[in-house]
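The values are calculated or read from the model by the stated rules, or taken from the named source; none is laboratory data. Given the structure is predicted, the values throughout are model-derived calculations rather than measurements. Cβ atoms come from the backbone with ideal geometry, glycine included; neighbour counts cover every protein chain shown.
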Amino acid sequence: MRHIFLYKSLSLLNLKDNFFVFKEENKFNQLNISKTSNEFIKKHFLLRKRYEEDFFLNYNYFDPPNCKIFKIKYREINLSKNINKIKKINPKYIISFGSSILSENFLKIFNNKSINVHLGISPYYRGAGTNFFPIINNELEYLGVTYMMTNTKIDGGNIIHQEAPNIYQNDNVHTVGNRIISGLPITLTKLIKINNLAKYSFEQKFSKYDRVYTKKDFNIKNLKFYLRIYKKYFESFSKKNHINNKLIKLI
């Protein structure tokens, strides 16, 4: 639902432009939980689905007139036939959001046109679960989104812009995540109107203190820990109002 919301709302905000969506059908979709035996995992993703419905469900019921959908299989975006389709479209920018990894050949062909929307504040949090593990680590100031030029490094492209959400006492990982996503179309609308975004981007500075997670790190142990602590961490953070204190530098 978050992906449908993004491309439909972005299309509606820019009715004078045409949008071409390459929608991957991912057989490893983490919301397919029917085969998951652990009740904690099931409940977590059912809650995620419920909160996404609260935020984004209405976007399922209409189709913007300026948006064309191409359904493709997982990782097929890098096939020659799809690259050739995109060449014919000749897009100003290509926006990736939760997609499979774009190949080196793809990025070479569409050099400085690919924008990656990374849910998390990079380079501090990269990889998977980058708005989950800041809660685990009691570092809620690192919740947010990074817009970057896409390159061959995982979440390693030059940074264009970053945003942090408002955080409230009764929040959880789902409400914060959806609040961040809700702001993506407005920010992207501003960014895609700028010519040669790469010119205004900043190279990421990596350090040994950066946290890089994989899907394997999202396990029952970490989920149980999150369930024990998240209310206390959100309450403490909202009272201290860390975002206004600018504990981290946002570009």
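In region 64-86, what count of residues is obtained for those that are charged (D, E, K, R), exposed (fewer than 12 other Cβ atoms within 10 Å of the Cβ) and not in a strand (DSSP E or B)? Count: 1. Checking the stated criteria, residue 177 turns out not to satisfy the condition of being modelled with pLDDT under 95 and either under 16 Å from residue 51 (Cβ atoms) or of a type outside the set (D, E, K, R) (or both). Restricting attention to region 87-101 and to residues that are in a helix (DSSP H, G or I) and without any contact (Cβ under 8 Å) to a residue 60 or more places away in the chain, the residue that is farthest from the chain's Cα centre (by Cα) turns out to be 88.
Go through 92, 35, 81 for me and flag whichever is among the basic types (Lys, Arg) and at pLDDT below 95.
35
Residues in region 3-23 that are surrounded by fewer than 19 Cβ atoms within 10 Å (Cβ to Cβ) and part of a helix (DSSP H, G or I): 4 in all. Tell me yes or no: at least one residue of region 180-196 is in a loop (DSSP other than H, G, I, E, B), touching a residue at least 60 places away in the same chain (Cβ under 8 Å), touching a helix residue (DSSP H, G or I) at 6+ places or on another chain (Cβ under 9 Å) and not aliphatic (A, V, I, L, M). There is no residue in region 180-196 that is in a loop (DSSP other than H, G, I, E, B), touching a residue at least 60 places away in the same chain (Cβ under 8 Å), touching a helix residue (DSSP H, G or I) at 6+ places or on another chain (Cβ under 9 Å) and not aliphatic (A, V, I, L, M). Any idea which residue in region 213-234 is farthest from the chain's Cα centre (by Cα), counting only those that are outside any helix (DSSP H, G or I) and crowded, with 16+ Cβ neighbours inside 10 Å? Only one residue tops the list, namely 218.
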